[in-house]
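**Q** Can you keep this structure in mind? I'll have questions shortly.
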Amino acid sequence: MTSESYFTLTFYARKPKTEKIEYPIYARISVGGQMTEFTIGRSVNPKHWNQKRNQSDGTSRRDKELNKFLEMVRARFCEIHNMLIRENKLVNPAILKAHYLGTMDKPKMMCEVFHETNEKRKEELDRGDIVKPTYQRWTRCADYLADFFRLHYKVDDLPIKDVTSGMLDDFEHFLRMKKSCANNAAVRYLRCVKNVLQYALAHKWITHFMAVW
C-alpha cells in the first residue's frame, strides 16, 4: 500500500447561510491531495464544538450521543478503507464517500444483461424480424449460462466485467458435456454470448472486448 492510499477524515461545523442556533456538521475526506466533503446530517451548538478534537465539548446527553455517532462514522470509513485495500481496489475520496452513503454503482451482471438483450429479441420476434427458434435459442442460452455459473461458481450471476476468455472456454465445454450440445449448437450459443458482450461494450459496462473473446 502506498502513501496515496491513506486517508484522513475530519469533521467541522459550518456556519449556515441563514441564522440558526446550531451549525451543520460536515465530514471532509482526503486521500493523496484529493478531497471531498458532505454533511453527515447532524448539527451542533458552535459554542460547544472543539475543532481540534473533532467533537463536541458539551456535556448534555445530545452532545454525548453526537460524539458516539462521530466515532461510528469514523469506524465505518476505516472499514470501507480496509476493504478497498484488501481487495486491491482504487481508493479516493469520491469512492470512500460513495461506499459510505451507499451510492456506489452496482456492477452490471452477465445474466442481467443477457435478459436485457433477450427483451430486444422478443421485440424482434413480435415484429417478425426473427423466427421463434432463434428467440428460444437466446432464452435457452441465458438459462444455460445461469446453470453454468451455479455449477462452477456457486452463484446465480457474475459481474459482466469479470467474464474472461477462459470462462467462456469452460462454458463451451459445459455446453458440450453437460447439455449435450452438438458443435453447431454450441457455436450458436457462444455467438449469443458474444453479442451480449458487444452490447455491454457499446454501453461501456466493459471496456476491453478482446480480453474476453
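**Q** Of the numbered conditions (1) assigned to a loop (DSSP other than H, G, I, E, B); (2) touching a strand residue (DSSP E or B) at 6+ places or on another chain (Cβ under 8 Å), Lys17 fails exactly one; give the number of that condition.
**A** All conditions pass for Lys17, except number (2).
**Q** Next question. I want to confirm something. Restricting to segment 99-112 and keeping residues that are in contact (Cβ under 8 Å) with a residue 24 or more places away in the chain and in a loop (DSSP other than H, G, I, E, B), which single residue is nearest to the chain's Cα centre (by Cα)?
**A** Filtering first and then ranking leaves Pro107.
**Q** Test Arg53 against the criterion of being over 22 Å from Ile95 (Cβ atoms) and either among the small types (Gly, Ala, Ser) or within 32 Å of the chain's Cα centre (by Cα) (or both), and give yes or no.
**A** no
**Q** Please tell me if Thr164 is under 22 Å from Thr207 (Cα atoms) and either surrounded by 15 or more Cβ atoms within 10 Å (Cβ to Cβ) or not small (Gly, Ala, Ser) (or both).
**A** Answer is yes for this residue.
**Q** Just for segment 19-50: of the residues that are more than 34 Å from the chain's Cα centre (by Cα) and basic (Lys, Arg), which one is farthest from Leu101 (Cα to Cα)?
**A** Looking at the filtered set, the residue picked out is Lys47.
**Q** If you don't mind, another one. Can you go through Ala142, Ala211, Ala202 and tell me which one is modelled with pLDDT of 95 or more and of a type in the set (A, V, I, L, M, F, W, C)?
**A** Ala142
**Q** Give the residue, chosen from Asp129, Asp105, that is in contact with an Asp or Glu (Cβ under 9 Å, 6 or more places away or on another chain), under 30 Å from Ala142 (Cα atoms) and either of a type outside the set (S, T, N, Q) or surrounded by fewer than 13 Cβ atoms within 10 Å (Cβ to Cβ) (or both).
**A** That would be Asp129, the only listed residue that is in contact with an Asp or Glu (Cβ under 9 Å, 6 or more places away or on another chain), under 30 Å from Ala142 (Cα atoms) and either of a type outside the set (S, T, N, Q) or surrounded by fewer than 13 Cβ atoms within 10 Å (Cβ to Cβ) (or both).
Conditions tested, residue by residue: (1) assigned to a helix (DSSP H, G or I); (2) surrounded by 12 or more Cβ atoms within 10 Å (Cβ to Cβ); (3) not acidic (Asp, Glu); (4) not assigned by TED's automatic domain parsing to the domain that holds Ser30.
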| position | (1), (2), (3), (4) |
| --- | --- |
| Lys97 | yes, yes, yes, no |
| Phe114 | yes, yes, yes, yes |
| Asn118 | yes, yes, yes, yes |
| Tyr135 | yes, yes, yes, yes |
| Cys141 | yes, yes, yes, yes |
| Tyr144 | yes, yes, yes, yes |
| His152 | yes, yes, yes, yes |
| Val155 | no, no, yes, yes |
| Arg188 | yes, yes, yes, yes |
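The values are calculated or read from the model by the stated rules, or taken from the named source; none is laboratory data. Note that this is a predicted model, so its numbers are computed, not measured. Reconstructed Cβ throughout: ideal geometry from the backbone, glycine too, with neighbour counts over all protein chains shown.
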